[in-house]
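What follows draws every value from the coordinates through simple rules; no lab data is involved. Keep in mind that this is a model prediction, so the values were computed, not measured. Note: ideal-geometry Cβ built from the backbone for every residue, glycine included; neighbour counts use all protein chains shown.
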């Protein structure tokens, strides 16, 4: 059976670049530690759950940003939840934009909130694409490669 | 340490039970799985009120992982209520609040331990080792 011997290396390189470029942090590694033969797709499952579950939060924030005047307490509360969830999967850039948004909530800067939320959404979408590509490649490489990590 | 190393250090199967109290589904899944891997039988509820109710139904747990911010009843109220009910389980607060006053308020509600979210294998092991020493 033909097998692409380069795949494991490609997977490792792709994974490393996600960390090097700041998309992911140590928490993602923690999730990988929970993956084993009994739960070979744990990380992908958690990430899928994150995107499914956080979609409603994103929609709530969007709606709240449409109101006038802005309710900064409500916005901050939504973003606190969203930030918590994002940090649970190691979404470093998403988390950073969330923090920025919360700063603008604290200072009552509506324009800042609206502007930053665009960045939150952009990082959120970018991370999703990158992780989907990574998981797809990892699956092609085979379960052993997907579950292992280089130090 | 790696998870497999952790497993060789602790053999908790059947010895420790836990309750995960968190409204965030991602945290629920991660903490549930983390506990499973350590052989800790666990139950998951979505807010403080459910945590209180499960105790009122007669269930008891060695360890409660209590999130701070939850709808209906938050972690501070739930911790106070459980302590008032005479629950002496190890309650570990898990929160993303880094401001010291907020942390202090949570601790004063009756926590035995406090950790910043998200929980890791190492953090959970340090919590579990406290239960073992308590016993």
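For the protein assembly as shown, what proportion of DSSP beta bridges, expressed in % and rounded to the nearest 5, is antiparallel? Mind showing how you got there, number by number?
Working: 2 of 20 bridges.
So the antiparallel bridges amount to about 10 percent of the total.
Between residue A:53 and residue B:84, take the C-beta separation as r, use R0 = 22 Å, and let me know the FRET efficiency to the nearest 0.05. Result of the calculation: an efficiency of 0.10. Report D for region B:38-135 in µm² per second (integer): Stokes-Einstein, Kirkwood Rh on Cα pairs, 4 °C, 1.567 mPa s. Stokes-Einstein gives a translational diffusion coefficient of 95 µm²/s. Counting other Cβ atoms within 10 Å as a rough exposure proxy, the listed residues B:43, A:6, B:31, B:55 run A:6, B:43, B:55, B:31 from fewest neighbours to most. With contributions of -39500 (n - 2.57) from each DSSP H run of at least four residues, the per-residue ellipticity at 222 nm computed over the protein assembly as shown stands at -20000 deg cm²/dmol.
Kindly put B:73, B:66 in sequence by how many other C-beta atoms sit within 10 Å of each C-beta, fewest to most. Working shown, then result.
Numbers: B:73 17, B:66 29.
Taking fewest neighbouring Cβ atoms as first place, the list is B:73, B:66.
Estimated from the Cβ-Cβ distance and a Förster radius of 22 angstrom, the FRET efficiency linking residue B:100 and residue B:122 is about 0.45.
Taking neighbour counts of Cβ atoms within 10 Å as a proxy for exposure, in what order, fewest first, do A:14, B:70, B:85 appear?
B:85, A:14, B:70
Size descriptors for region A:19-61 (Cα atoms only): Rg and Dmax, in that order, 12.7, 38 Å. For chain B, the longest principal axis of the C-alpha atoms and the axis of helix B:25-37 are separated by about 40°. Distance from the C-alpha centroid of region A:120-139 to that of region A:8-32: 11 Å, rounded to the whole angstrom. Within region A:1-111, the percentage of alpha carbon pairs spaced more than 19 angstrom apart rounds to 56%.
Scoring A:57-70, A:22-35 by mean Cβ neighbours within 10 Å over their residues and listing the highest first yields A:22-35, A:57-70.
The slack in the chain from residue A:29 to residue A:133, taken as 0.36 nm per residue of separation less the alpha-carbon distance, amounts to 35.7 nm.
Convex hull volume of the Cα atoms of the protein assembly as shown, normalised per residue: 144 Å³.
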